[in-house]
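Contents: one structure, followed by commentary.
Any read-out appearing in this document is the output of simple, stated calculations on the displayed coordinates, not a laboratory observation. All values reported here derive from a predicted model rather than from experimental measurement. Here Cβ is always computed from backbone atoms with ideal geometry, including for glycine, and neighbour counts include all displayed protein chains.
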Amino acid sequence: MIDFLSHNREAWDKQAADGNRWTLPVDAARIARARAGDWTVDLTPRKPVPREWFGDLKGARVLGLASGGGQQGPILAAAGAEVTVFDASPAQLSRDLAVSEREGLGIRTELGDMADLSRFADASFDLVFHPCSNCFVPSIRPVWKEAARVLRPGGRLLAGFCLPALFLVDEDLDEKGEIVVRYKIPYSDAEQLAPDLLKKKLDQKVPLSFGHPLSDQLGGQLDAGLLLAGYYEDSWEPGVSAISDRIPCFAATMALKPR
Ligand SMILES: C[S@@+](CC[C@H](N)C(=O)[O-])C[C@H]1O[C@@H](n2cnc3c(N)ncnc32)[C@H](O)[C@@H]1O
C-alpha cells in the first residue's frame, strides 16, 4: 500500500529543492506592487484569476489550500488579506514563511492533508484559494466538503484543477508532441502506470497524480453545498503538451457558500 500523503510530501519537498516553477517565491517588487493594489494570482498555469472573483480582500480571512510555495499567499496578504497557507510540504511552507518574514506579511502556515481541515472551526474563513493541487490526492470529495465547512456563509471557494483529458494520454509521448490514449478516468498513477514507470516515480520521488472526473470536480463542489458562480479554462504554454495544444486541460471555478 502506498502512503500517498507521505510520498507526495517528500516529492514536493524535492520539487522545491529542485526549483520547480510552482515552488519559486515572489520577489520584493511583486509584493510592493501588490501593496499598491496592482496584483494578479493564478489558479491554473497561465490565466490570472479575474479580480472580481475575490470580492473585498481588505481584512478577509483567506485560506490558501495546498497553496504553498511563497506565491499566491504572500500576494494576497500584501493585498490586505489575513492569510493562512496550508500545505503538505514543509519545504513549500518554508517559502511562504520566508517571504512573510522578509516583507512583514504576518502569514500563518499549517502543515497537513488538504482532505482534513479539522484543526479549523466551521466558518473560519471568508475565502478559500485552492490552486491546481487536487491531482495529488486520491479522493477529492472530502476536500470540497472540508473547504465548504470552513467557509463562512457567503464565503467563496476559488479552485483550479486539471481536466480529465490530461490524464488519458501517455505523458512521455505527449511531451514529445504525440497523442496516444493509454489510460482511463478516474486515473491513478498507482493503478494504471506500468510497474516500471511507477517504480521510477516512487524511487525518484516524483509526485504521484490522480485524474478526477468532472462529476467529482464540479459535482463534488455542488454536493458539498456550494453554488458554482464562475468558470474558465486554461492550457499549458504552446508546445509543452500535445493534448493541451488541442483542448484546454485546466479549469478554474468560483463557488459560493449560500447564506
Ligand atoms: C502545483 S503546487 C500548487 C501550489 C503553488 N503555489 C501554485 O502556484 O499553484 C501543488 C501543491 O500541493 C501540495 N500538496 C500535495 N498533496 C497535498 C495534500 N495531500 N495536502 C495538502 N497539500 C498537498 C504540494 O505540496 C504543493 O505545494
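Scoring 226-237, 64-75 by mean Cβ neighbours within 10 Å over their residues and listing the highest first yields 64-75, 226-237. The C-alpha radius of gyration of the range 50-162, expressed as a fraction of 2.2 N^0.38 Å, stands at 0.97. Tell me, how many Å apart are the Cα centres for the range 103-133 and for the range 20-67? So the two Cα centres are separated by 15 Å.
Work out how much length Glu110 to Asp38 would gain on full extension: take 0.36 nm times their residue separation and subtract the Cα-Cα distance, in nm to one decimal.
Details: separation 72, 0.36 × 72 = 25.92 nm, distance 2.73 nm.
Extra length available between Glu110 and Asp38 comes to 23.2 nm.
Mind pulling the angle between the C-alpha long axis of helix 4-18 and the longest principal axis of the chain? Nearest 10 degrees, somewhere in 0 to 90. The helix 4-18 is inclined about 80 degrees to the chain.
The phi torsions of the range 79-95, fed into the Karplus equation with coefficients 6.51, -1.76 and 1.60 and a -60° offset, translate into couplings of 7, x, 7, 9, 10, 10, 9, 10, 7, 7, 10, x, 5, 5, 5, 5, 5 Hz, rounded to whole numbers, with Gly and Pro shown as x. What angle, in degrees between 0 and 90 and rounded to the nearest 10, separates the Cα long axis of helix 214-223 from the longest principal axis of the Cα atoms of the chain? Value to nearest ten degrees: 30. Could you check the spin-label model distance between Leu222 and Ser6? Points 7 Å from the Cα along Cα→Cβ, value in nm. The answer from the label model is 3.9 nm. Taking the DSSP bridge list for the chain and keeping only pairs wholly inside it, about 50 percent are antiparallel. Of all DSSP-defined beta bridges confined to the range 22-131, some 10% are antiparallel rather than parallel. A simple rule links phi to the HN-Hα coupling: the Karplus curve 6.51 cos²θ - 1.76 cosθ + 1.60 with θ = phi - 60°, which for the range 127-136 gives 8, 10, 10, 10, x, 2, 6, 6, 6, 9 Hz, with x for Gly and Pro. DSSP beta bridges fully contained in the range 112-259 are about 75 percent antiparallel. Here is the list for the range 38-77: trypsin sites (Lys or Arg not before Pro) lying in DSSP coil, each with at most 10 other C-beta atoms within 10 angstrom of its C-beta, are Arg46, Lys58.
Based on C-alpha pairs under 8 angstrom that are at least 6 apart in sequence, the chain has a relative contact order of 20 percent. Using a Gaussian network model of the chain in which every pair of alpha carbons under 10 angstrom is joined by a spring, one finds that among Ala36, Ala11, Ala79 the greatest mean-square fluctuation is at Ala36. Amide H to amide H, with H built 1.01 Å from N, Gly64 comes under 5 Å of Thr84, Val85, Phe86, Phe129, counting only residues 5 or more places away or on other chains. Seen against the Cα atoms of the chain and their longest principal axis, helix 141-150 is set at about 0 degrees.
Which of the peptides 81-87, 219-225 is most tightly packed, and how do the rest follow, judged by the mean count of other Cβ atoms within 10 Å per residue?
Details: 81-87: 25.4, 219-225: 17.1.
The most tightly packed comes first, giving 81-87, 219-225.
Run through the range 109-200 and list the GluC sites (Glu not before Pro) located in a DSSP loop whose Cβ has at most 13 other Cβ atoms within 10 Å.
Glu178
Translational diffusion of the chain, estimated by Stokes-Einstein from the Kirkwood radius over alpha carbon pairs at 10 °C in a medium of 1.306 mPa s, is 85 µm² per second. Each label point was placed 7 Å from the Cα along the Cα-to-Cβ direction; for Asp122 and Glu178 their separation is 5.5 nm.
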